[in-house]
Amino acid sequence: MPIRRVAMVSLHTSPLDQPGTGDAGGMNVYVVELAKRLAERDVAVDVFTRATSSRLDPVVRLTDGVQVHHVVAGPFEGLSKAELPGQLCAFAREVLRSEAAHERGHYDVVHSHYWLSGQVGALARDRWAVPLVHSMHTMAKVKNQLLARGDAPEPVARVIGEEQVVAAADLLLANTAEEAKQLIELYDADPARVDVIHPGVDLDTFRPRPRAEARGRLGIAESAALLLFVGRLQPLKGPDVLVRAAAELLRADPTLRERLVVAVVGGPSGSGLERPEALVDLADSLGLREVVRFVPPVDRADLVDWYAAADVVVVPSYNESFGLVAVEAQAVGTPVVAAAVGGLPTAVADGRSGLVVAGHDPADYAAAIGRLLADQKLRERLSAGALEQASRFGWDVTAERTLQAYVDAAGAMRHDLAEPR
Ligand code: UDP
């Protein structure tokens, strides 16, 4: 059965949001890139997201064939992610109404992102008799096993909600084989209904560019040793590990102080337990006020400059379902030092495109970063390896495989249409 129209549900965060702050991150990029590439393959995509401002038009065109629907469910402002379960019914009702305005059989598949959207997707699946394809993005049970210091555990209500979505989905898309294993072992997912599809990187945007020019545009000295963190500032992402590692590096080699720059690009996010200023305070307390530079979230074009300007991109996350930042940096030819968690060992080829570090001891990160800073040959070899590694992760492959997954899910579903799971 050909797939012509997809209802994509992204309840808690909009594909129109700037990634890298608040609740917007890799999932937003994922939805945008996948939707755009599906549209290029003649699949129309309607993305349903919760309206968070009265100024938003009800429907916004993202690109040809992709429309973002702003669903009014609850107050526009002031609702945290933790409060969103209370709006699920209102949101679902509006999505169902929107579809009902069309002729019957408007969508061929519903693809939901994150468990809140999965709850809505499960309802739409049964009502529309189309397959539910679901992407978890993060999982509470995994997150709770890997909590960073200061992070609050995910509530049991989310765990139960996720289990319901896993049971309802016709097909679960996992970012990596490890995520597939977690779905099967921790959530009791049927292995036959789990497909591994890697997310991607926009290889047209994220390409090498001359380092000196990028540094010139960013005001970074030619002689600087630039360590870069990119992402939402929350304990889970471990930006403090990099700041502490920088202090270790300076302890081992005080001469580095003249040229060490640690750039932290991104905005506050998450549980709110850690104030963003806590990172500033940490840098101050370690005597790194002049070394650490905080940069508010930037758009993709500027991000390429940051990746190109950096000597090393550091991804010290406590949990990472894939790690788009790691792939983007490599696509620009910059080696990555990443934590051995979640999708990062898949995204980064240890010893070939970067260095993968077990645990979160800042001394271990300092050792890996120090090795790279001291050895230009190693940096050049890993840079070449990084380009090769990133070339395996284009979004076109992701979209092609996802479209096939929709077709497979639709084919498999026909048999149990009468009995929604
Ligand atoms: N990002 C961005 N601007 C910023 C910081 C981050 O556009 O200032 C993007 C980044 O390019 C990446 C995404 O946010 O595509 C973060 O995705 P990742 O998978 O690394 O982390 P997540 O947010 O999913 O935890």
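The values are calculated or read from the model by the stated rules, or taken from the named source; none is laboratory data. Not measured: the values here are computed from a predicted model. Here the Cβ positions follow ideal geometry from the backbone for every residue, glycine too, while neighbour counts run over all protein chains shown.
In table form, for the structure just shown:
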item	result
Residue 255 vs. criteria of a type outside the set (Gly, Ala, Ser), out of contact with any strand residue (DSSP E or B) (no Cβ under 7 Å at 6 or more places or on another chain) and within 13 Å of the ligand (Cβ to nearest atom)	no
Pair list, Cβ < 6 Å and 6+ apart or interchain, from region 205-225 residues that are farther than 16 Å from residue 379 by Cα to residues that are assigned to a loop (DSSP other than H, G, I, E, B)	206/332
Residue match in region 82-103 (condition: within 16 Å of the ligand (Cβ to nearest atom) and either farther than 21 Å from residue 157 by Cα or not in a strand (DSSP E or B) (or both))	no
Members of region 315-356 that are part of a loop (DSSP other than H, G, I, E, B), within 15 Å of the chain's Cα centre (by Cα) and among the small types (Gly, Ala, Ser)	317, 321, 323, 342, 343
Residues that are surrounded by fewer than 23 Cβ atoms within 10 Å (Cβ to Cβ) and closer than 24 Å to residue 73 by Cβ, drawn from region 29-45	29, 44
Output for region 334-353, where each listed residue is in contact with a helix residue (DSSP H, G or I) (Cβ under 6 Å, 6 or more places away or on another chain), surrounded by 24 or more Cβ atoms within 10 Å (Cβ to Cβ) and touching a residue at least 40 places away in the same chain (Cβ under 8 Å)	334, 335, 336, 347, 348
Members of region 340-363 that are away from the ligand (no atom under 12 Å from the Cβ) and among the small types (Gly, Ala, Ser)	340, 349, 351, 353, 354, 358, 359, 363
Residue within region 384-399 that is within 21 Å of residue 242 (Cα to Cα) and either surrounded by 15 or more Cβ atoms within 10 Å (Cβ to Cβ) or under 19 Å from the mean Cα position of the chain (by Cα) (or both) present	yes
Contacts under 6 angstrom Cβ, first residue in region 132-152 being over 20 Å from residue 25 (Cα atoms) and of a type outside the set (D, E, K, R), partner assigned to a loop (DSSP other than H, G, I, E, B) and within 16 Å of the ligand (Cβ to nearest atom), 6 or more apart	150/274
Flag for residue 289 being more than 16 Å from the ligand (Cβ to nearest atom), out of contact with any strand residue (DSSP E or B) (no Cβ under 7 Å at 6 or more places or on another chain) and not in a helix (DSSP H, G or I)	yes
Criterion (surrounded by fewer than 19 Cβ atoms within 10 Å (Cβ to Cβ), touching a residue at least 40 places away in the same chain (Cβ under 8 Å) and farther than 20 Å from residue 210 by Cβ) met by exactly one of 238, 266, 287	287
Residue 199 being away from the ligand (no atom under 16 Å from the Cβ) and either buried (at least 20 other Cβ atoms within 10 Å of the Cβ) or in contact (Cβ under 8 Å) with a residue 60 or more places away in the chain (or both)	no
Lone qualifier among 70, 113 - being within 16 Å of the ligand (Cβ to nearest atom), of a type outside the set (Phe, Trp, Tyr) and surrounded by 19 or more Cβ atoms within 10 Å (Cβ to Cβ)	113
Hits in region 140-173 (condition: within 17 Å of residue 9 (Cα to Cα) and surrounded by 17 or more Cβ atoms within 10 Å (Cβ to Cβ))	161, 162, 165, 166, 168, 169, 170, 171, 172, 173
Flag if residue 281 is away from the ligand (no atom under 15 Å from the Cβ) and either without any contact (Cβ under 8 Å) to a residue 12 or more places away in the chain or in a loop (DSSP other than H, G, I, E, B) (or both)	yes
Any hit, region 297-316, residues being within 7 Å of the ligand (Cβ to nearest atom), at pLDDT 95 or above and touching an Asp or Glu at 6+ places or on another chain (Cβ under 8 Å)	yes
